[in-house]
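Chemist: Below is the structure I would like to discuss, written out as structure tokens.
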Amino acid sequence: MNKTLILSRSQVEGLVTMAEVIEAVEAAHADMSRGTAAQPAPGAISLPSGTGAFLTMTALADRQGLAAVKLLADIPDNAARRLPTQRSVLMLVSKETGACEGIIHGQIPTRIRTAAASAVATRHLAREDSRVLGLIGAGDLAVEHVRALTHVRPFERVVFWTRNPETAARFAGRIAEAHPGLEVAAMATPRDVFAEADVVSTLTPSREPVVEGAWFRPGQHVNAVGAPPRPDHREIDAAGMARARVFLDSRETATHESGDLLLAIAEGALAAADVGPEIGDVITGVAPGRTSPAEITLYNSVGIAMQDVAIGALLLARARAEGVGLEIDLAG
């Protein structure tokens, strides 16, 4: 009888490579396009007694032979407690038998697969001659984005903005150590990042816009990543969403949870019919990606359960091969 493998936060760190995750996430999006993987929009629940929101993210995939459920807790009050504002647990179940194959601490896998998804979008949407990577935000997710995006474009320079000088110094040091060939420079404002970068990833947990569409330059690619999956949170203003050609990770998820998208539509800057295809359809050739060197493209990354299936299956296989984790018999 199969046992359930439990993987803690420390056990998943370094277990799989970024290159492996990028390929797995790309395949997952392609499978969604082909209809061999499926997922509904996340369910969200909250109560008036607190600010926390709890999301259930589910998916089912032929390739991995797995169904998955991730419970994501988005708790803004944790910032004052010096705790993570987002926590998650991923459960993976056999598609064939329904047996629970694994339970995985979600923080690191979520961060890695999010950066990998940005890399997939950048691979298919950014100009081939992109050499300057811009980041709005300089936390752990920014570090992962440098690690991921350097796999898909030969970036020579990283420019970034963060409000905190200590965070800026720490980030610059981490990037210099991990990527000695990259030039790294802190910018005074987010606008300065857009003035220099060919590809920009926005990585702030913002409720109000930190990016203005007026800053976008012809030919730029933007990964809009950081806003929590709440319809009233956004990083990009309505003008930015209207100015770019917008691509989605999942239409159903974005139209329920993406404040960047929903607020732009509510403000009349964008029509739902004008929003571009899912990135999976670009990967499979169903829909075109970038259509000209001057086009501004934007990948609206909400984060989806199929990305969790992709990295979760990799982690389970590698952990079992290397004897990592704790196996228990849930049916015993």
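The values are calculated or read from the model by the stated rules, or taken from the named source; none is laboratory data. In this text the structure is predicted, and so the values were computed from the model without any measurement. Positions of Cβ are backbone-derived with ideal geometry, glycine not excepted, and every protein chain shown enters the neighbour counts.
Chemist: Yes or no: the stretch 26-43 includes at least one residue that is among the β-branched types (Val, Ile, Thr), more than 27 Å from residue 151 (Cβ to Cβ) and either in the same structural domain as residue 96 (by the TED database) or in a strand (DSSP E or B) (or both).
Modeler: No.
Chemist: Here's a follow-up. For the stretch 126-148, give me each residue that is of a type in the set (A, V, I, L, M) and over 19 Å from residue 195 (Cα atoms).
Modeler: Scanning the stretch 126-148 gives 141, 143, 148.
Chemist: Name the strands (runs of 3 or more DSSP E) wholly inside the stretch 60-148 in which the number of residues that are in contact with a Gly (Cβ under 6 Å, 6 or more places away or on another chain) is 3 or more.
Modeler: In the stretch 60-148, 86-94 are the strands (runs of 3 or more DSSP E) which contain 3 or more residues that are in contact with a Gly (Cβ under 6 Å, 6 or more places away or on another chain).
Chemist: Of the residues 217, 245, only one is out of contact with any strand residue (DSSP E or B) (no Cβ under 9 Å at 6 or more places or on another chain) and either of a type in the set (Phe, Trp, Tyr) or within 24 Å of residue 146 (Cα to Cα) (or both); which?
Modeler: It is 217.
Chemist: So, in the stretch 69-89, how many residues would count as being touching a Leu at 6+ places or on another chain (Cβ under 7 Å) and without any contact (Cβ under 8 Å) to a residue 60 or more places away in the chain?
Modeler: The qualifying residues number 2.
Chemist: When you go through 58, 122 one by one, which is the residue that is in contact (Cβ under 8 Å) with a residue 40 or more places away in the chain, assigned by the TED database to the domain that holds residue 17, hydroxyl-bearing (Ser, Thr, Tyr) and within 21 Å of residue 310 (Cβ to Cβ)?
Modeler: 58
Chemist: Among the candidates 214, 169, 185, single out the residue that is more than 23 Å from the chain's Cα centre (by Cα), over 20 Å from residue 118 (Cβ atoms) and not in a helix (DSSP H, G or I).
Modeler: Answer to the check: 185.
Chemist: Does residue 238 satisfy the condition of being in contact with a His (Cβ under 8 Å, 6 or more places away or on another chain), buried (at least 17 other Cβ atoms within 10 Å of the Cβ), free of Cβ contacts under 8 Å to residues at least 40 places away in the same chain and not β-branched (Val, Ile, Thr)?
Modeler: no
Chemist: A follow-up question, please. Considering only residues that are assigned to a loop (DSSP other than H, G, I, E, B), surrounded by fewer than 24 Cβ atoms within 10 Å (Cβ to Cβ) and not polar (S, T, N, Q), which ones fall in the stretch 241-285?
Modeler: The answer is 244, 267, 268, 269, 270, 271, 275, 276, 277, 285.
Chemist: Oh, and also: Which residue, of 158, 152, is crowded, with 24+ Cβ neighbours inside 10 Å, on the phi < 0 side of the Ramachandran plot and more than 13 Å from the chain's Cα centre (by Cα)?
Modeler: Only one candidate passes the filter, namely 158.
Chemist: Looking at residue 191, is it surrounded by fewer than 17 Cβ atoms within 10 Å (Cβ to Cβ) and within 22 Å of residue 244 (Cβ to Cβ)?
Modeler: Judged against the criteria, residue 191 is a match.
Chemist: Now a separate question. Restricting the search to the stretch 199-211, which residues are closer than 17 Å to residue 159 by Cβ and outside any strand (DSSP E or B)?
Modeler: Matches in the stretch 199-211: 203, 204, 210.
Chemist: Being modelled with pLDDT of 95 or more and assigned to a loop (DSSP other than H, G, I, E, B) is the filter; apply it to the stretch 224-240 and report the residue that is farthest from the chain's Cα centre (by Cα).
Modeler: Looking at residues that are modelled with pLDDT of 95 or more and assigned to a loop (DSSP other than H, G, I, E, B), I get 237.
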